[in-house]
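Below is one structure, written out as structure tokens, with a few remarks after it.
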Amino acid sequence: MTTVPAFPADFLWGASTAAHQVEGNNVNSDWWQREHGHLPGAPVEQPSGDAADSFHRYPEDMRLLADAGLGAYRFSVEWARIEPERGYVSRAMIDHYRRMVATARDVGLTPMVTLHHFTNPVWAARAGGWHSDEMPELFARYVEAALPVLDEVELICTINEPNMVSVLADPEVGFPAAGLPPGVPAVTERLIRAHRLAVERVRSAGAQAGWSVATQAYQPLPGAEAVAAEYGRSREDVFLEAATGDDWVGVQAYTRTKIGADGPLPAPADAERTLTGWEYYPPAIGDGIRNSWKLNGTPVYVTENGIATADDTRRIDYTTGALNAVADCMSEGIDVRGYLHWSALDNYEWGSYRPTFGLIGWDPVTFERHPKPSLAWLGSVAQRARAEVLS
Ligand code: BGC
């Protein structure tokens, strides 16, 4: 197996989660309502339920990351909890998330806070969600309400994977056999506007704002370059371009998509696949970083990258490959400032608990945490990187 190359001393090493996927009982969110058939949409295989109960157990989760040697934790605050009814802001939830930020700092983790990670309050969804012209202003108002949480936070991600929000904007549209549906232009525009409004507010609070984009490593077969460029536009590039002038951009990648003359191609039959069915392809993150840098020149944090597997040795192997790709990008002169692995915990993978992405597992009955060898491994990579540079 290859080894992990050297990284700068101030490189940020961490892991990520999202509220709905780990907190549990996010009952006022559109996703919860969909899981229980109360909102239209394709049926959901399994409801999120208690998830990892990280809503109560976050101090333990953060301590595990910090004790392993990691230096950052990316988590999201939940709009549906902060504003469970239109215009009503829960002070208790603001306090809850302030405590999360304080706890991260206390255990020595830099908090990176995401303001929107796929879920909307159910009242916003019933009013049309991102299909409604009101949504950017509603989002901006929520961001203002959440500013007290962000007091001590330097890195704020306004919206996670707006491109996935756009391509999945119609809840009835399923995934094609290969690739993704195209972005919905009006939804994309609203997301970009919401981002800009949020960036203003976050910056006025003295923090650094960015958003995180799901990159897909679109790789054209010879002769299919124009098809790939066209394919990538509404699904990725327009969102990366919108990060121009931001303080940073989050690049996220898991796998690649080969593009032929007629569009996306399924992975070859003999390709190794992960538990999500995606091709095992560690260098994907390098494609994403390069595409982002080409389109916006904005400093990069890898805000998600990882693999759903029951075999933790494959997680270590995948991450080693990915870190080599990140290092290659840096040696080409790209400003990459950190790597936050997806995910800190096994979590609710939007419909199922089967794909396990976590550095930490947990017992579904007692919620007892079971750190995997990959957590200690990634922590030691971070510690070694710091030590090598200091020695
Ligand atoms: C999302 C996560 C998700 C992960 C793996 C990203 O699209 O931000 O919420 O769990 O990929 O599918």
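Here is how the numbers come out for the structure above:
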{"quantity": "Percent accessible area from carbon and sulfur atoms, the chain, protein chains only, probe 1.4 Å", "calculated": "54 percent"}
{"quantity": "Added length on full extension, which subtracts the Cα-Cα distance from 0.36 nm per residue, residue 244 to residue 141", "calculated": "34.7 nm"}
{"quantity": "Helix-only CD estimate at 222 nm, as mean residue ellipticity for the chain, using -39500 (n - 2.57) per DSSP H run (n ≥ 4)", "calculated": "-11500 deg cm²/dmol"}
{"quantity": "Under the Karplus curve 6.51 cos²θ - 1.76 cosθ + 1.60, θ = phi - 60°, whole-Hz ³J(HN,Hα) for region 228-233, x wherever Gly or Pro sits", "calculated": "5, 4, 5, 5, x, 4"}
{"quantity": "Contact order normalised by residue count of region 12-390, Cα under 8 Å, 6+ apart, percent", "calculated": "18 percent"}
{"quantity": "DSSP beta bridges in the chain [antiparallel fraction, %, rounded to 5]", "calculated": "20 percent"}
{"quantity": "Positive minus negative residues near residue 351 (Lys, Arg vs Asp, Glu; Cβ under 13 Å)", "calculated": "-1"}
{"quantity": "Residues of region 252-294 with amide N under 17 Å of a point placed 7 Å along Cα→Cβ from residue 226", "calculated": "259-264"}
{"quantity": "Radius 15 Å from Cβ of residue 147, net charge of other residues (Lys, Arg +1; Asp, Glu -1)", "calculated": "-2"}
{"quantity": "Sequence-distant residues sharing a close amide H with residue 49 (under 5 Å, placed H)", "calculated": "25"}
{"quantity": "Extended-chain gain in nm, criterion 0.36 nm per residue less alpha-carbon gap, residue 3 and residue 151", "calculated": "49.4 nm"}
{"quantity": "Separation between Cα centres of region 143-160 and region 96-139, rounded to whole Å", "calculated": "8 Å"}
{"quantity": "Radius 12 Å from Cβ of residue 314, net charge of other residues (Lys, Arg +1; Asp, Glu -1)", "calculated": "-1"}
{"quantity": "Cut-off under 5 Å, modelled amide H: who pairs with residue 208 long-range", "calculated": "155, 156"}
{"quantity": "³J(HN,Hα), Karplus 6.51/-1.76/1.60, whole Hz, each residue of region 323-334, x for Gly, Pro", "calculated": "5, 5, 5, 4, 4, 4, 4, 5, 6, 7, x, 7"}
{"quantity": "Separation in nanometres of the label points that stand 7 Å from Cα toward Cβ, at residue 172 and residue 332", "calculated": "4.2 nm"}
{"quantity": "Distance from region 316-391 to region 188-215 (C-alpha centre basis), Å", "calculated": "25 Å"}
{"quantity": "Residue among 214, 202, 242 farthest towards the positive dipole end of region 184-246, charges placed on Cβ", "calculated": "202"}
{"quantity": "Residue-wise HN-Hα coupling along region 201-216, computed from phi with Karplus coefficients 6.51, -1.76, 1.60 (Hz; x: Gly, Pro)", "calculated": "5, 5, 5, 5, 8, x, 9, 9, 10, x, 10, 10, 10, 7, 8, 10"}
{"quantity": "Amide H within-cut-off set for residue 341, under 5 Å, with H built and near neighbours excluded", "calculated": "14, 15, 16"}
{"quantity": "Label-point separation in nm, residue 91 to residue 127, each point 7 Å along Cα→Cβ", "calculated": "2.4 nm"}
{"quantity": "Separation of alpha-carbon centers, region 234-300 and region 1-36, rounded to whole Å", "calculated": "18 Å"}
{"quantity": "For region 12-390, projected area of the alpha-carbon convex hull averaged over all directions, nm²", "calculated": "17.5 nm²"}
{"quantity": "Hypothetical label at residue 204: residues of region 141-176 whose amide nitrogen lies under 14 Å (7 Å Cα-Cβ projection)", "calculated": "141-148"}
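The values are calculated or read from the model by the stated rules, or taken from the named source; none is laboratory data. Computed from a predicted model, the values in this text were never measured in an experiment. Cβ atoms come from the backbone with ideal geometry, glycine included; neighbour counts cover every protein chain shown. Remember, those area values only see protein heavy atoms, side chains included, never the ligands or the DNA or RNA. Shrake-Rupley method; radii C 1.70, N 1.55, O 1.52, S 1.80 Å.
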